[in-house]
Every structure is written in structure tokens, then in C-alpha cells.
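Nothing in this text is a laboratory measurement; each read-out follows from the coordinates by a stated rule. In this text, all values refer to a predicted model and were calculated from it rather than measured experimentally. All Cβ positions, even for glycine, are placed from backbone atoms using ideal geometry, and neighbour counts span all protein chains on display.
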Amino acid sequence: MNRDVFITSLPDLASKLTLSEEEKDFDESDGTRLPIKIPSSFFDLIDPDDPFDPIRRQVVPTVFEHVEVEGETLDPLAEKRHAATSRLIHRYSGRAAFLATDRCFIHCRYCFRRRFTGTFQGPATKEEIEQAARYVEGHPSITELLFTGGDLFTLSDARLEAMIEAFRSRRPDLIIRLCTRAPAAEPRRITPALISMIKTFDTAPFFLMTQFNHGRELTKEALRATALFIDNGIPAMNQTVLLKRVNDDADTLERLCNALLANRIKPYYLFQGDLVSGTAHLRVSIEDGMKLEAELRRRLSGLAMPLYALDLPEGGGKIPLVSSYLEKQKDGALIFRTPYGEHRSYPAD
Ligand code: SF4
């Protein structure tokens with residue numbers, strides 16, 4: 001199978017793009033920063049003549065990553081504090097996240113898990129998998145497990161099979177979410193053989209959790225990869241990260257959400273950017289995000305509408321960021337504002 005070649009350094013990038021001063025000044029020799037990694041097929045989506053191209057902004061680093069503003073940290077969701085084993089994060093009673101590997105097909109400049117992603121720790125060892133699986137077995141309140149990282153599909157089919165087997169042999173009822181950027185970043189990795197292997201574990205559902213941030217990422221290949229899961233009974237849900245000058249306008253998000261739905265991918269979350277070090281230049285203010293949310297609610301159907309959400313700092317959990325449509329209570333009636341600015345009342349009891 002032909003796999004992508006990757007762009008992995010500033011000189012590589014400079015040979016293909018005219019870099020801005022901010023891009024040239026990114027210090028890649030500092031080992032604490034997320035290394036550059038862009039699959040060539042994803043890079044080809046960039047318009048080289050547009051310095052603010054939305055694909056470029058997701059993957060080409062700038063000197064602004066050197067700026068750490070107050071409140072930012074490398075572990076904004078306090079995952080280290082919630083580590084149940086070396087690779088298992090247990091933050092909510094009903095679900096846990098297993099860090100299958102630190103490797104990704106692509107390094108996204110806003111990655112919230114940059115304390116771990118691309119740190120050369122490699123795939124979970126057999127012992128780490130067993131340790132996590134034993135923990136999940138001993139905690140029946142965990143009904144859902146997220147296979148995440150990194151990207152689980154950087155692992156071979158054989159390794160993935162052993163990993164799924166370790167959990168499902170102990171907990172046949174465990175719902176597994178496959179969290180991946182592969183359909184956007186390395187769609188050729190998704191093969192019929194991979195899907196057939198996953199389908200052999202048929203005691204509980206799998207869900208595919210994709211991440212598409214802009215409509216241009218929905219290429220023919222990306223949609224073919226996603227359809228392979230859906231056609232084989234694995235529903236697809238998309239998590240978009242709200243990013244400044246990438247997708248922070250209603251037209252772009254409306255197009256993305258409608259295109260996702262038209263391709264049987266449910267727009268699930270629109271995430272507010274986490275307070276991860278060096279990402280302030282990509283974050284949108286919550287005030288602007290709420291305005292976008294209200295505008296999308298006017299334009300999109302319920303099915304196409306993602307939930308705008310914030311993962312609270314220090315492991316506080318996810319909360320929805322939705323305006324209240326209840327304005328007041330008067331004479332035994334609740335007065336609501338419609339999404340279009342009119343008013344309607346409903347009995348208070
Ligand atoms: S693919 Fe996911 S884990 Fe990897 S860098 Fe991008 S956001 Fe982070």
C-alpha cells in the first residue's frame with residue numbers, strides 16, 4: 001500500500017511554501033515543542049498563496065507557539081492527576097481514555113495533549129495494556145472506553161487486534177470509541193482488512209470519532225475511509241475544534257456541519273480551545289464562540305448542530321456553552337426568546 005510521505009521540518013516546509021517571518025521564527029530545536037509532522041496529502045490541501053489558509057494554520061507552526069499566556073499549561077485537563085495506570089485516564093465514572101500510542105499521522109498545532117503527543121514514548125507495551133484492561137475489568141461502572149493517544153491507527157492491525165482483545169476478553173460489554181484523525185490525515189490507512197478485524201469483536205458497539213475542522217478536509221479519500229466504518233455498522237461522530245481564522249465563522253461551520261451530515265457523519269462537538277501552552281493565537285473568545293453557536297442554531301437542523309462545549313480546566317469536566325433562551329418569569333408564565341429574537345410564553349407549571 002502506498003503511504004504518505006511526511007513533512008517533518010522547517011527546511012522541508014520552506015522548500016514547498018514561502019514561509020512568513022512568524023513561521024520562519026518557530027524554534028523547532030526546542031525539544032519541548034510539538035514537532036512538525038504533516039502528511040503530504042494533507043499538505044496538498046493548502047493554498048500556498050494564502051498566508052491565512054485554514055489548513056496551513058492547523059499544521060504549520062509559528063513563533064506564537066513560544067508565547068505562554070497566563071492560565072496555560074501543558075496538561076490543561078489535569079490528565080496526569082487522573083491517571084489510573086500509566087496509559088489509562090479515568091476522569092469520569094462512566095468512561096475512561098486509553099492512550100494507545102503517542103504517535104499521530106499529523107501534528108495539529110492546537111493539540112490539547114501535547115504533554116504526551118509526539119514525545120517518542122511509543123505504543124503501549126503489553127504490560128501497560130494488561131494493566132489498563134485489568135483496571136477496566138475491576139471498574140464495571142466504566143461502560144465506554146476511548147482508544148486515543150496519539151492516533152490508534154498508527155498501530156498495525158495485529159497490534160490493534162491484541163489491544164482490543166485485551167479489553168473485550170475481560171469486558172465483552174465495553175463500548176469502544178475509536179478516536180482518530182486518520183480519515184483526514186492518512187485515509188489510506190483505513191482498509192477493508194482493518195474493518196474486518198474490528199468487526200470480529202461483535203459483542204458491543206464501536207463508534208468512530210473523527211476530527212474534521214474545515215470542509216476542505218472532507219476529500220474523496222477521507223469520505224471513502226469514513227464510509228468504510230459506517231457501511232460496516234460503526235457510526236461516525238465528528239469533533240471539531242473551534243480555531244481562530246480556521247473555522248471561526250458561521251459560513252465555514254455551516255458548510256462543514258452540513259457536509260458532514262450529508263456524508264452520514266454526525267457533527268457531535270464543537271470544542272472551545274483548551275488552555276494548552278502556546279495556543280492562545282488559535283483560540284477564539286468564548287463570547288465570540290457563543291455568538292457563533294447562536295447563529296449556527298438559527299441555520300442548522302438539530303441533526304447537523306454540534307454541541308459547543310468547554311472542557312473545564314483542571315479536570316472540571318465538559319460543560320455545554322449554550323445561551324439561555326429563558327428571559328424571565330411573569331404572571332405564571334415563562335418568557336422565552338426564540339432563536340430569531342421573538343418572544344413566546346409557556347406556562348411555568
Ligand atoms: S491528531 Fe489528535 S492527538 Fe495527534 S496532534 Fe492532532 S489533535 Fe493531537
**Message:** Using a Förster radius of 35 Å, what is the FRET efficiency between Ser93 and Ala158 based on their Cβ-Cβ separation? Nearest 0.05, please.
**Reply:** 0.60
**Request:** Run the numbers on the chain and let me know its relative contact order in percent, using alpha-carbon pairs under 8 Å that are six or more apart.
**Result:** 15
**Request:** Work from the charge dipole of segment 119-253 (Cβ charges, +1 for Lys and Arg, -1 for Asp and Glu, about the Cα centre) and give the residue of Ala133, Gly150, Pro192 farthest towards its positive end.
**Result:** Pro192
**Fill in**
Least to most buried among Asp311, Asp47, Asp331, by other C-beta atoms within 10 Å and fewest first, runs Asp331, Asp47, Asp311
**Request:** Would you mind listing how long the chain runs along its three principal axes, going by Cα atoms, in whole Å with the largest first?
**Result:** 65, 53, 40
**Asked** Hey, what number do you get for the chain at 222 nm if only DSSP H runs of n ≥ 4 count, each worth -39500 (n - 2.57), divided across all residues, to the nearest 500?
**Response** -7500 deg cm²/dmol
**Prompt:** Taking neighbour Cβ counts within 10 Å as the exposure measure, how do Ile195, Ile190 sort from fewest upward?
**Reply:** Ile195, Ile190
**Asked** Could you give the dipole magnitude of segment 125-186 about its Cα centre, charging the beta-carbon of Lys and Arg +1 and that of Asp and Glu -1, in debye to the nearest 20?
**Response** 120
**Prompt:** So how do 75-85, 292-302, 338-348 stack up, highest first, on mean other-Cβ count within 10 Å?
**Reply:** 75-85, 292-302, 338-348
**Asked** Which percentage, to the nearest 5, of the DSSP beta bridges contained in segment 68-320 is antiparallel?
**Response** 25
**Request:** Towards the positive end of the charge dipole of the chain, with charges on Cβ (+1 Lys, Arg; -1 Asp, Glu), say which of Pro123, Pro313, Asn247 has the farthest Cα.
**Result:** Pro123
**Fill in**
At the level of C-alpha centres, the distance separating segment 282-347 and segment 49-112, in angstrom, is 26
**Complete:** Glu165 and Thr125 label points (each 7 Å along its Cα→Cβ direction) are spaced in nm at 2.0
**Message:** Using the crude model of +1 on Lys and Arg Cβ and -1 on Asp and Glu Cβ, and no other charge, please compute the dipole size for segment 92-212 relative to its Cα centre, in debye to 20.
**Reply:** 440
**Complete:** Residue span Arg81 to Asp231: 0.36 nm per residue of separation minus Cα-Cα distance leaves a gain in nm of 50.1 nm
